[in-house]
Each structure stands twice: as C-alpha cells, then as structure tokens.
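First up is the structure itself, then whatever we jot down about it.
Rule-based calculations on the coordinates, nothing more; no lab input. In this text, all values refer to a predicted model and were calculated from it rather than measured experimentally. Here the Cβ positions follow ideal geometry from the backbone for every residue, glycine too, while neighbour counts run over all protein chains shown.
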Amino acid sequence: VNFTYEMPVSGKLNFLDLTVELMKTGEITHQHYQKPTASGRYLHHEAHCSHITKTNIIRSETRRIIRNCKYKENSWPHLETLKQNLVSKSGYPTKLVTAHMLQAMEQMEK
C-alpha cells in the first residue's frame, strides 16, 4: 500500500471535493474543488434513463456545490461551470438545467 500526501500551498489544501483554506485571521474556510482532470461529463440527456434520474443529477450536484462552499458567493462560479458542462457536454436543455438548479437552491433555503 502506498500513501501520498500533499502540503498546503498558500494556506490551501485540496481534500476530496473541497479546498480547505486557513485564513490569516485563523478562520478555516472551504469551498468546492474539482480536479483539473475532471471531464465535466454527466449522464447524457439522451440516455435511456428515467427523467427523474436526469433531473436528480442536476439537483444533487447543485446541492453538493452549495454545501461545499462556506460562503454562498463562492458557489456561483462552480454552479456556472456545472451548468455549462450539463448543457455543452451532456446535452441538457438550458431551460431544464436552470429550472432544476433554482429548485434545488430554493429547497435548501427552507
């Protein structure tokens, strides 16, 4: 068994799907992280799967990104990337993606 480890760079450390940062004030923050090698592909919209499976991909990925960001404003660039990937790489209609992302955000605020 080989173990690897990473050292923080500029106070930031990527761990699983998070970037953890130690601020100069001593505060620990976190936000969503995706490896540079990630393809950004999801189940294609034309795949022979139920509609609910496809919409749940949109909602669950939206919720995961928001939960991974300590501050909501940090989630916007990641959500935009998700939307672009779903539309351009996985064939989802923009209107469908937008509607289900908004639903997921609204449900999280309740």
Q.
Show the residue pairs meeting these rules: Cβ distance below 7 Å; 6+ apart or different chains; first residue within segment 28-39 and among the hydrophobic types (A, V, I, L, M, F, W, C); second residue surrounded by 11 or more Cβ atoms within 10 Å (Cβ to Cβ).
A. Ile28/Val20; Ile28/Leu22
Q.
So, in segment 18-40, how many residues would count as being acidic (Asp, Glu) and surrounded by 13 or more Cβ atoms within 10 Å (Cβ to Cβ)?
A. 1
Q: Could you grab me the full set of residues in segment 43-62 that are part of a helix (DSSP H, G or I) and more than 17 Å from the chain's Cα centre (by Cα)?
A: His51, Ile52, Thr53
Q | Of all residues making up segment 63-85, the number that are out of contact with any Leu (no Cβ under 9 Å at 6 or more places or on another chain) and either assigned to a helix (DSSP H, G or I) or in contact (Cβ under 8 Å) with a residue 60 or more places away in the chain (or both) | A | 16
Q) For the subset of segment 71-103 comprising residues that are more than 13 Å from the chain's Cα centre (by Cα) and under 26 Å from Asn14 (Cα atoms), which member is surrounded by the most Cβ atoms within 10 Å (Cβ to Cβ)? A) Lys89
**Q.** Members of segment 41-56 found to be in contact with a Gly (Cβ under 7 Å, 6 or more places away or on another chain) and loosely packed, with under 12 Cβ neighbours inside 10 Å, listed by number
**A.** Glu46
